[in-house]
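The values are calculated or read from the model by the stated rules, or taken from the named source; none is laboratory data. As the structure is a computational prediction, the values presented were derived from the model and not from experiment. Positions of Cβ are generated from backbone atoms using ideal geometry, with glycine treated the same way; all protein chains shown enter the neighbour counts. When the accessible area is computed, the model is the full protein with side chains, heavy atoms only, and any ligands, DNA or RNA have been set aside. Shrake-Rupley method; radii C 1.70, N 1.55, O 1.52, S 1.80 Å.
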Amino acid sequence: MKKIALLFITTIPLLSFSQNTTAKVKELVSKMSTEEKIKLVVGMGFKMPSPPTTGKKDTAKAKDYVGISLPPTMQGDGGDIPEKVPGAAGRTHGFEQLSIPSITVADGPAGVRINPTRANSSQTYYATAWPVATLLASTWDTALVKKVGVAFGNEIKEYGVDIILGPGMNIHRNPLGGRNFEYYSEDPVVSGNIAAAIVKGIQSNGVGTSIKHYAANNQETNRNSVNVIASERALREIYLKGFEITVKQAQPWTVMSSYNYINGPFASESYELLTNVLRKEWGFKGFVMTDWFGGKDAVAQMKAGNDLLMPGTLLQQKAIADAVKNGALDEKILNENCERILNIVLQSPSYKKYKYSDKPNLKEHAQISRDAAAEGMILLKNNDALPLKKAITVSLFGNTSYNFIAGGTGSGDVNKAYTVSLLEGLKNVNINVNESLKKEYEDYIVEAKKKQPQKKFFFDVIPPIPEYSLTASTVQQQAASSDIAIITIGRNAGEGSDRKVENDFNLSAAEQELIKTVSNAFHAKNKKVIIVLNIGGVIETYSWRDDADAILLSWQGGIEGGNAVAEILSGKVNPSGKLATSFPISYNDVPSAKNFPGKDLPGVQKSMNPMIGTPSEVIYEEGIYVGYRYYNKFNVKTAYPFGYGLSYTNFKYSNLKLSNNSFSDKITATITVTNTGKVSGKEVVELYISAPTNKLDKPNEELKAFAKTKLLAAGEAQTLTFTITAKDLASFNTQQAAWIADAGTYTLKVAASATDVKQSATFNLAKDIIVEKVSHQLVPTITINELK
């Protein structure tokens with residue numbers, strides 16, 4: 001029996017600067033003119049991306065791609081300077097006489113987003129489309145996610161990029177969030193630890209990350225103009241906590257500030273957020289950049305500690321120059337902004353003149369992507385339908401079975417060479433697919449794609465092809481000739497807009513009819529029906545799940561998604577993913593349903609430009625009660641709870657032991673997990689704590705740590721060790737401006753999901769512990785009628 005210690009504590013920062021570097025940076029700044037300093041803190045400008053491609057299977061042509069020309073107010077000064085990496089998101093200014101290079105930043109969180117082809121070159125520059133963030137979080141495996149990060153970072157470096165604009169780590173506040181696929185979880189402990197793992201992996205290559213969007217950017221609707229009104233406790237316990245964990249564990253090179261206002265000021269103009277909390281409280285060492293064209297006041301951004309304005313405009317340069325000249329901006333502040341940027345520039349591959357190859361090992365990375373995708377897919381239901389038996393024929397229903405979705409749109413998209421469909425994946429594991437049905441779907445999809453509109457802007461979400469309408473006789477023929485039915489439901493979303501309830505969160509009438517017709521036909525012949533969910537965000541499942549014998553949530557698994565699904569369906573891989581976000585029974589059950597995405601301010605004219613948005617506000621009335629914290633506290637049943645996921649085997653939890661019954665400095669818990677089934681498998685183990693509520697209202701339980709076992713053979717056991725610190729016990733007490741662990745009895749719960757506690761134990765805390773006192777009020781005095 002093997003013991004593994006898993007410590008969820010702050011580690012030594014990975015990013016630090018030597019005395020020589022600090023001295024070099026100060027020397028460089030002293031030699032820079034004011035004009036050069038201003039250019040350093042303002043990027044070189046924005047070039048419109050080329051059309052997205054997926055290699056040989058994409059028929060889109062650049063000439064069909066209608067760009068949007070930038071108005072003068074949004075133009076920079078780098079338009080005549082050739083790009084080092086065509087298609088990258090932006091660049092900083094370089095100063096040859098000072099040996100300061102321009103550094104290149106690129107989207108995005110799911111892979112290096114650059115142009116796949118270049119003028120006067122026959123080479124292609126495709127990148128790996130990694131599984132989306134929500135899938136990676138669903139692995140609950142920080143070692144695996146770090147491995148993905150190492151490979152991801154290699155592509156960043158070998159394509160000549162210095163900093164990748166990711167990971168995204170906003171909270172799944174509402175399932176309609178258009179970019180939820182880019183984010184990890186509804187829970188900050190999952191989000192923070194998974195993000196820290198991928199940051200460590202990427203940055204081990206000597207390239208940087210930019211964790212985003214700091215903070216409370218939990219919607220796309222009016223994202224540039226919405227004022228998020230939230231209590232300090234909700235911000236610190238839910239929306240900032242993941243960033244705090246990642247900063248302290250992994251020290252990302254940069255942080256990207258968000259578009260939105262938070263309780264008044266823009267996030268990018270908030271000294272409280274960017275300096276007091278991020279730097280003084282958490283010890284962040286890198287620099288802060290804006291999201292593209294974020295904020296309005298360049299001088300206020302400099303003062304707040306938002307060091308780099310991206311992509312950069314001439315108007316921003318002028319505003320800063322005027323402010324320095326008239327004394328509105330102390331040049332000492334500008335010097336600090338420059339120093340923080342240069343500290344990172346001097347770590348970059350561009351400064352070190354790294355000879356990048358433009359030829360990362362995409363074949364090797366595809367296998368890593370495939371393995372990670374399989375680890376994060378979740379078996380939601382299985383009535384003896386999976387794994388598939390050998391020598392069977394499958395009828396494959398649903399457009400998406402033949403046209404798999406690798407990932408979302410916008411800056412989270414990737415120009416990739418291919419996407420493996422479920423059809424291809426099944427063939428690769430030698431499962432026969434009914435040819436007549438296959439031909440019907442493929443012929444339909446070819447014709448339907450010809451009618452689809454072309455993208456007009458890189459984050460447009462093209463409406464999906466209408467679900468193919470099958471005749472009743474066709475379905476009956478399939479039920480007679482095939483052994484099993486697989487239906488794939490697809491969803492996509494992305495930057496610029498949020499999802500809708502009808503025909504998105506809820507299935508369309510055509511999809512409901514497809515499930516009902518197929519299930520009736522196959523069940524009439526005692527044959528099974530499997531549903532695969534190739535989706536980027538949560539959908540409604542409760543109303544139709546009884547029609548399926550098995551449901552596999554595949555999320556969006558990157559380029560190798562179809563292969564990963566097939567490996568699970570065939571039993572080559574035993575599913576071990578678990579939900580990092582809850583699946584409600586109905587959208588109306590979501591705690592933020594009544595106030596998402598907020599309301600327009602009275603008397604303002606509605607903007608039709610999603611890049612600008614309409615002035616609005618959204619009040620986080622649910623406070624800390626997001627996701628399972630709400631469902632468990634208020635006894636609201638879910639379709640599938642947070643932390644849930646099935647396996648082809650079974651696990652027994654036993655012998656929970658605490659190091660002490662009384663808490664002092666820390667407490668350790670050990671639990672033994674045994675595979676009691678017949679096949680090898682992995683189990684995610686979740687540790688929740690219930691805290692005393694005599695002083696503050698608190699959730700019934702909160703996740704504090706998690707671990708995934710190794711691959712356990714049938715009958716094999718493993719003992720996991722968790723360490724709990726005082727910070728894990730603490731809640732944020734706004735009146736006392738402190739993280740406080742309240743005296744009383746705590747219950748430690750080891751669970752297979754947020755509603756499936758396997759073993760529990762109690763310990764006592766004799767007196768209150770003030771774990772951390774904060775000296776900075778993050779939120780002005782506001783009154784919010786929060787849930788209690």
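Rank by packing, highest mean first: peptides 97-108, 20-31, with packing defined as the count of other Cβ atoms within 10 Å averaged across residues.
Details: 97-108: 20.3, 20-31: 13.9.
Result, highest mean first: 97-108, 20-31.
Please state the charge dipole magnitude for region 467-584, taken about the Cα centre, from unit charges on C-beta atoms (+1 on K and R, -1 on D and E), reported in debye and rounded to the nearest 20.
Working: 10 positive and 14 negative charges, 70 e Å.
The dipole of region 467-584 has a size of about 340 debye.
Starting from the Cα-Cα distance between Lys390 and Asn635, subtract it from 0.36 nm times their residue separation and give me the gain in nm to one decimal.
Length gained, Lys390 through Asn635: 83.9 nm.
Once the dipole of the chain is set up with Lys and Arg at +1 and Asp and Glu at -1 on Cβ about the Cα centre, which of Met169, Ala328, Asn785 lies farthest towards its positive end?
Among Met169, Ala328, Asn785, the one farthest towards the positive end of the dipole of the chain is Met169.
What is the ratio of the Cα radius of gyration of region 135-280 to 2.2 N^0.38 Å, with N the residue count, to two decimals? Numbers along the way, then the final one.
Working: Rg = 14.7 Å, N = 146, 2.2 N^0.38 = 14.6 Å.
With N residues counted in region 135-280, Rg over 2.2 N^0.38 Å equals 1.00.
What is the percent of Cα-Cα separations in region 91-206 that go past 23 Å?
Values: 2450 of 6670 pairs.
When all Cα pairs of region 91-206 are counted, 37 percent exceed 23 Å.
Under the rule of at least 5 residues apart or a separate chain, name every residue whose amide H is placed under 5 Å from the amide H of Asn260.
The list, which skips near neighbours in sequence, is Ala267.
For Thr209, enumerate residues with amide H under 5 Å from its amide H, sequence gap 5+ or separate chain, H modeled in the peptide plane.
When sequence neighbours closer than 5 places are left aside, the close amide H contacts are Ile164, Trp253, Thr254.
With only Lys, Arg, Asp and Glu charged, each at its Cβ (+1 for the first two, -1 for the last two), find how big the charge dipole of the chain is about the Cα centre; round to the nearest 20 debye.
I would put it at about 1440 debye.
Mind ordering 376-385, 688-697, 604-613 by average Cβ neighbours within 10 Å, highest first?
Numbers: 376-385: 20.0, 688-697: 17.2, 604-613: 12.8.
Put in order of decreasing packing, that is 376-385, 688-697, 604-613.
How large are Rg and Dmax for region 620-679 when calculated on the C-alpha trace, in angstrom?
Cα only, region 620-679: 17.1, 48 Å (Rg, Dmax).
Could you go through region 380-392 in sequence order and give the Karplus-derived ³J(HN,Hα) for each residue, using 6.51 cos²θ - 1.76 cosθ + 1.60 with θ = phi - 60°, rounded to whole Hz, and x for Gly and Pro?
The phi angles translate into 8, 8, 7, 9, 6, 9, 10, x, 5, 7, 6, 6, 10 Hz.
Keeping every protein chain present and rolling a 1.4 Å probe, give me the accessible area per residue for the chain in Å².
Result: 38 Å² of accessible area for each residue.
Quickly work out the Gln97-to-Gln476 label distance, labels modelled 7 Å from Cα along the C-beta direction, and quote it in nm with one decimal.
About 8.5 nm separates the two model spin labels.
About the Cα centre, and with charges only on the beta carbon of Lys, Arg (+1) and Asp, Glu (-1), how big is the dipole of region 98-213? Nearest 20 debye, please.
Dipole of region 98-213, to the nearest 20 debye: 100 debye.
What's the whole-number percent of alpha carbon pairs in region 318-413 lying beyond 22 angstrom?
The share of Cα pairs beyond 22 Å in region 318-413 comes to 69 percent.
Quick one: what does P(r) look like for the chain with 20 Å bins over all Cα pairs, in whole %?
Distribution as computed: 16, 50, 30, 3, 0 percent.
Efficiency by 1/(1 + (r/R0)^6): what FRET value for Asp697 and Tyr271, r their Cβ-Cβ distance, R0 = 30 Å, to the nearest 0.05?
Calculated transfer efficiency: 0.50.
Can you give the extra length, in nm with one decimal, that the chain gains between Asn785 and Thr668 once fully stretched, where that is 0.36 nm per residue apart less the Cα-Cα distance?
Length gained between Asn785 and Thr668: 38.4 nm.
DSSP loop trypsin sites (Lys or Arg not before Pro) in region 705-783 with at most 16 other Cβ atoms within 10 Å of their Cβ, which ones? Walk me through the numbers on the way to the answer.
Details: sites: Lys708, Lys710, Lys727, Lys749, Lys758, Lys767, Lys773; in loops: Lys710, Lys767.
Loop-located and lightly packed - Lys710, Lys767.
Give me the percent of accessible area attributable to carbon and sulfur for the chain, probe 1.4 angstrom.
Answer for the chain: carbon and sulfur cover 50 percent of the accessible area.
If you take every DSSP beta bridge whose two residues both sit in the chain, what share of them, in percent to the nearest 5, is antiparallel?
For the chain, the DSSP antiparallel bridge percentage is about 55.
Take region 292-347, compute every pairwise Cα distance, and split them into 5 Å bins from 0; I just need the percent in each bin.
P(r) over region 292-347, rounded to whole percents: 4, 19, 31, 25, 15, 4, 0.
Given a Förster distance of 56 angstrom, what is the FRET efficiency for Ala593 paired with Gln19, based on the Cβ-Cβ distance and rounded to 0.05?
It comes out at approximately 0.55.
Taking just the C-alpha trace of region 148-199, give me its Rg and Dmax in Å.
12.7, 37
Go through region 186-195 residue by residue and turn each phi into a ³J(HN,Hα) via Karplus (6.51, -1.76, 1.60, θ = phi - 60°); whole Hz please, and just put x for glycine and proline.
7, 10, x, 5, 5, 4, x, 6, 5, 4
List, in order, the whole-Hz ³J(HN,Hα) value for each residue of region 635-642 obtained from phi through the Karplus relation with A = 6.51, B = -1.76, C = 1.60 and θ = phi - 60°; use x for Gly and Pro.
Working through the residues one at a time gives 6, 9, 6, 10, 5, 9, x, 3 Hz.
Quick one: what do you get for region 456-608 if you divide its Cα Rg by 2.2 N^0.38 Å?
It is 1.23.
Name the residue farthest towards the positive end of the dipole of region 572-727 from the options Gly645, Ile689, Leu711, assuming +1 on Cβ of Lys and Arg, -1 on Cβ of Asp and Glu, about the Cα centre.
Leu711
Find the relative contact order for region 290-371 and round it to a whole percent, using C-alpha pairs within less than 8 Å whose residues are 6+ positions apart.
Computed over region 290-371, the figure is 25 percent.
Rounded to the nearest 0.05, what FRET efficiency do Glu336 and Gln735 have when you use their Cβ-Cβ distance and R0 = 25 Å? Please report the intermediate quantities before stating the final value.
Numbers: r = 33 Å, r/R0 = 1.33.
My answer for the efficiency is 0.15.
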